Amino acid sequence: MWRRSASFILDNQQRRKDVASSSKPESISLSPPQLSSMADAFQNPNSSNPKNSAYYQTRAAHHGVVTSDWLAQAQAAVGRPPDDQASSEPEVPAAAAAASEPGRPFCVIDEFNNWRKQPDLAEAVAAIRALATVIRSSEATTMMELEIELKKASDSLKSWDTTSISLTAGCDLFTRYVTRTSALEYEDFNSAKSRLIERAEKFGEISYKARRIIAMVSQDFIFDGCTILVHGFSRVVLEVLKTAAQSKKLFRVFCTEGRPDRTGLRLSNELAKLDVPVKLLIDSAVAYTMDEVDMVFVGADGVVESGGIINMMGTYQIALVAHSMNKPVYVAAESYKFARLYPLDQKDMAPALRPIDFGVPIPSKVEVERSARDYTPPQYLTLLFTDLGVLTPSVVSDELIQLYL
Amino acid sequence: MPDMQALVNEFLVKLKKRKIEGSQATAKQTAELIRSVISQQRVPYSNQAGALMDAVNAVGEQLIAANPVELAVGNIVRRVLHIIREEYLSLTTAAVAGLNLLSVSDDEDDTEHDDHPVLSAAAVAAAARSTLRPPSLQTLLEDVPDATAIPRTSSSGGDSEGKSKSADKSSRTRKLKHDVIEAVNELIQDISTCHEQIAEQAVEHIHQNEVILTLGSSRTVLEFLCAAKEKKRSFRVFVAEGAPRYQGHLLAKELVSRGLQTTLITDSAVFAMISRVNMVIVGAHAVMANGGVIAPVGLNMVALAAQRHAVPFVVLAGSHKLCPLYPHNPEVLLNELRSPSELLDFGEFSECMDFGSGTGSPLLHVVNPTFDYVPPKLVSLFITDTGGHNPSYMYRLIADYYSADDLVVQRRPATGS
């Protein structure tokens, strides 16, 4: 009797109002599709493209087969002044900039963007490095002042990009750590401050170490002659497969294409370099090949309180198919991705949209589902490999309680 | 100690030849052996816990290698390692609390501990505490040094506080060993009494006029059912015989002698009879960290039948059967193939065994696996000596009984200390 209402009619009216005030037509050009919108998005995702998620834009940039000098050329061709966002210098950009231009106000968001662009750096690490720079350049003299500054910086980071879970989790983790450390024994403020900065910079190493721990922990589950299905490009999963290949295990990998990011292409490139037999599938071919698959490996953008994961669009689908055919689904995620979210269904999360290019012009009346991620409930996941060890999904909420209470 | 080594070797031989039947007996003997190892081990003044753990690791590695399928051995070794860590920690915090008071008064006079980094007592205790916790989100940003290094740094921190503590320390040495041995005695006690503790909970689970199904023979199940009978519950038991050892026959005889109404069926009849059954109660060989069960062969089939007919599948397991490892490919790696003579008499089929198919290998293979793996989603309830639990709760018990650093038991490489 109580069917779902035809709410799409009401939604449409709402959207028509929005569209009238926004500017963006569907992009028609083929390559590179995200160039102009990407440059826009870095200024502020809330201005021109109201809903595009900067997080997924960045990931797309990492996955794109566009090189950085190509980018510089393209920008020169478009006529923009080559701003420092296109540079790929990883060494302490903002500190030098801040030192040389004392008049320019320190912007944690710029700092964060600089760190985030490096393809090998995890999102949370970029956030924590940005916060470390906040500490370094802060003029607070007591712990409380420092904490307040940090909170302000972390709030501005979080509100700048509401769709990135690792960012939120990284900020929360660091703020929590600072609060807890200050309760400990350091009487001297300066030594406490320097210790915090040191810890934050070390966090990058912890992140690498975490990936290695996860790779070691999951080695036993990859046996000789197995077939692994991988979805999305996760650096952790790549590390797992790399370690397995280096210990001379014989296995083959099926990569889903991962439209529209083409993650499968990038991943198959990397795996081919390791001499691992790879097969590319289009996303629709997953159920067709699931018979031959022994296990599914995915990474995670975030792990939520229920033990489910938020990951690239398509993960839920694959988990459903795997579950119905009794294949285990393994998730490799670092522990700092645990977030205090509890989505009840797919629409419960903040929308993270990204432009999708179909290659041909689309009439403006036709809607496109542009969400970049989905939520996979915990009953479809078998095990999570984290740097805290192997966990079943029910352990995640326990861990979160320990951290936040 | 040649004496000790002889004992260890004797036990190793028994394990290799599979002379010890059952996980309870194995667990008890392992615990007793390790207790003797600890009591015979001489501990230096500093780094006592490290020395004890090294000794236990060295023996434990050999024991686990002798029979890797008998998980109870590894469980007990890891339990003892956890006990050593815990006892050391409780001693350290007590000592540090005492030292803290003394050092406050000595501070104005002593100036020679400026060469050591100024770590207050609270920091030392916090560091020691954090190594004992399994790695968690909280400790993510903290620099956690190597686990066995902590006993060294703490005791060297103790060294710098003054020489008057040496008398204190020697009593601490003796105290650690003493505490550890006491705790190991308690462990042995727990292992011996696990059946009674599980059987106490029988009345809550078995109700009047119920029909219970079990397969093969398990002493825990026997005591469980008899305890319910004592409390005047009347119920019936279906016993599946449990080929090829037919231990179900023995269980049926036992139950009848205690006055319970029993029906004996073949393993193949389980699916036919399961719809008449209220509950399935079985024992286990080992319980893995994800809640999966290593059980005698045939129980996976019973679990599937129970799920199909919505019958609760209850597993009884003493806490020495809880293993902190996650199973990958348990049907092969955690299984043991027994002699085919249990299935076939050697005389009857001897002609088939000889003939080859050109390559010379016999045409007839006989496979006799001992264990089955039951995945956690088929188990409704675990009853341990601490109470009834969900399969997804097993990791909590494991976190209580084991430390994360002990998952791989191996002798530490000798470091100059």
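Quick look at the values:
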read-out	value
Stretchable slack from A:Ala285 to A:Gln402, in nm (0.36 nm times residue separation minus alpha-carbon distance)	38.0 nm
Cβ crowding within 10 Å averaged over residues, with B:287-297, B:17-27, A:283-293 ranked highest first	B:287-297, B:17-27, A:283-293
Distance between the range A:371-391 and the range A:113-127 - C-alpha centres, whole angstrom	22
The range B:193-406 - share of DSSP beta bridges that are antiparallel (%, nearest 5)	35
Neighbouring partner chain Cβ atoms per residue of A:217-223, average, 10 Å criterion	3
Ranked order, B:Ser275, A:Ser164, B:Ser192 - accessible area, probe 1.4 Å, largest first	B:Ser275, B:Ser192, A:Ser164
Isotropically averaged projected area of the range B:193-406, using the convex hull of Cα atoms (one quarter of hull area), nm²	14.4
For the range A:241-335, size of Cβ-based charge dipole, Lys and Arg +1, Asp and Glu -1, in debye	380
Carbon plus sulfur fraction of accessible area for the range A:253-295, probe 1.4 Å, in percent	49
Segment B:Lys253-B:Tyr393, extension gain: residue separation times 0.36 nm, minus the distance between their alpha carbons	46.8 nm
For B:Ser46, solvent-accessible area (1.4 Å; no DNA, RNA or ligand), Å²	60
FRET efficiency for A:Asp345 and A:Ala272, using Cβ-Cβ distance with R0 set to 35 Å, rounded to 0.05	0.35
Accessible heavy-atom area order of B:Lys377, A:Lys242, A:Lys151, highest first, probe of 1.4 Å	B:Lys377, A:Lys151, A:Lys242
Distance in nm between pseudo-label sites at B:Gln261 and A:Glu201 (7 Å out along the Cβ direction from Cα)	7.9
Exposure of B:Glu61 as accessible area (Å², to 10), given a probe of 1.4 Å and all protein chains	70
Area of A:Thr175 that stays accessible when all protein chains are in place (1.4 Å probe, Å², to 10)	40
Förster-model FRET efficiency, 56 Å R0, B:Ser90 and B:Gln307, C-beta, rounded to 0.05	0.80
Candidate residues A:Arg354, B:Arg42, B:Arg245, B:Arg174: accessible-area rank, largest first, probe 1.4 Å	B:Arg42, B:Arg174, B:Arg245, A:Arg354
Residues listed by number, the range B:369-387, amide nitrogen under 18 Å from B:Asn329 label point at 7 Å toward C-beta	B:369-374
Relative contact order of the range B:193-406, defined on C-alpha pairs under 8 angstrom at six or more residues apart (%)	21
For A:386-395, mean number of other protein chain Cβ atoms within 10 Å	6
Inter-centroid distance (Cα atoms) of the range B:230-296 relative to the range B:15-31, Å	24
Dipole of the range B:193-406, positive end: most advanced residue of B:Leu304, B:Met273, B:Val367 [Cβ charges, Cα centre]	B:Met273
Per residue accessible area in Å² of the range B:295-351, where ligands, DNA and RNA are left out and the probe is 1.4 Å	47
Solvent-accessible area buried by B and A, counting both chains, probe 1.4 angstrom, square angstrom	2200
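The values are calculated or read from the model by the stated rules, or taken from the named source; none is laboratory data. Being a predicted model, the structure only gives us computed values, none of them experimental. Here Cβ is always computed from backbone atoms with ideal geometry, including for glycine, and neighbour counts include all displayed protein chains. Protein only, heavy atoms only, side chains kept; ligands, DNA and RNA dropped before computing areas. Shrake-Rupley method; radii C 1.70, N 1.55, O 1.52, S 1.80 Å.
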